[in-house]
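For reference, the structure is listed below as structure tokens.
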Amino acid sequence: MLQLATNNELVIDGKFTGLGLTQRREGSVVYTMERAGRVYAEHPMPHKRYAASHDKPVSGAAGRSQLEADVRELMGRLG
């Protein structure tokens, strides 16, 4: 299950991922949150825009379940 913490950190299955989500005019941005020993980095995602609150948004953006699937895949690549 995907959640978004108040600091924009993505939480999956109750575990903080170290990845954040923000929305810009150009689209959604998933990024590594800067912390001790970790440098901020933006990660290319398969979809330009995600809706974190709905699975099938009227806007046509990729929905919440697609965001979760893509973030899980990204986490696998990042190790």
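Each Lys or Arg adds one and each Asp or Glu subtracts one; over the other residues with Cβ under 13 Å from the Cβ of Asp13, this totals +1. Projecting the Cα atoms of Ala69, Gly14, Val30 onto the charge dipole of the chain, computed from C-beta unit charges around the Cα centre, puts Val30 farthest toward the positive end.
Shown in residue order for the range 22-33 are the 3J(HN,Hα) couplings computed by the Karplus curve 6.51 cos²θ - 1.76 cosθ + 1.60 at θ = phi - 60°: 9, 10, 10, 4, 6, x, 7, 10, 9, 9, 6, 6 Hz (x for Gly and Pro).
Sorted into 10 angstrom bins from 0, the C-alpha pair distances of the chain split as 18, 57, 23, 2 percent. Against the main long axis of the alpha-carbon atoms of the chain, helix 64-78 sits at an angle near 30°.
Every number in this text was worked out from the coordinates using simple rules, so none of it is lab data. Predicted model only: the values in this text are computed from it and were never measured. Quick reminder, even Gly has a Cβ in these numbers, built from the backbone with ideal geometry, and neighbours come from all protein chains shown.
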